[in-house]
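Report on the structure given below.
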Amino acid sequence: METIGEIIPFAKEILNQKPSRGMLKIYMFGTTLAMLGLVGGLMETVCQQFAEDDVADVHTPLVDATHLMVTRRRSSANRLHAS
């Protein structure tokens with residue numbers, strides 16, 4: 001479905017074909033999931049504007065230079081294969 005205008009003709013076509021009860025349940029389930037995804041996306045878009053303000057307030061602590069000097073490399077003598 002590329003546009004919203006195609007949904008109504010599609011629904012009329014499906015109903016004219018007399019689908020089985022199971023097929024209607026599948027279509028309704030898919031439609032429900034699509035609508036929930038749409039609402040979730042809209043809510044995320046709206047709430048994202050407020051979340052950006054909070055992210056600016058959070059400060060990450062700086063790593064001490066002494067901590068960087070403590071880290072060591074792995075010994076190459078333990079490797080049994082060439083890379």
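Just the residues that are of a type in the set (Gly, Ala, Ser) and modelled with pLDDT of 85 or more, please, taken from region 28-57. Write out each step before concluding.
Of region 28-57, the ones of a type in the set (Gly, Ala, Ser) are 30, 34, 37, 40-41, 51, 56.
30, 34, 37, 40, 41, listed by residue number.
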- Search region 8-29 for residues that are hydrophobic (A, V, I, L, M, F, W, C) and pair each with any residue that is in a helix (DSSP H, G or I) when their beta-carbon atoms are under 8 Å apart and the residues are at least 6 apart or on different chains. 14/27
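For residue 60, indicate whether it is surrounded by 10 or more Cβ atoms within 10 Å (Cβ to Cβ), at pLDDT below 90 and either of a type outside the set (Lys, Arg) or in contact with a Gly (Cβ under 7 Å, 6 or more places away or on another chain) (or both).
On the way: surrounded by 10 or more Cβ atoms within 10 Å (Cβ to Cβ): no; at pLDDT below 90: yes; either of a type outside the set (Lys, Arg) or in contact with a Gly (Cβ under 7 Å, 6 or more places away or on another chain) (or both): yes.
Answer is no for this residue.
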- Task: List the number of the failed condition for residue 25; all other conditions in (1) modelled with pLDDT under 80; (2) among the basic types (Lys, Arg); (3) in a helix (DSSP H, G or I) hold.
- Result: (1)
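The values are calculated or read from the model by the stated rules, or taken from the named source; none is laboratory data. Computed from a predicted structure; not experimentally measured. In this analysis, Cβ positions are derived from the backbone assuming ideal geometry, glycine residues included, and neighbour counts consider all displayed protein chains.
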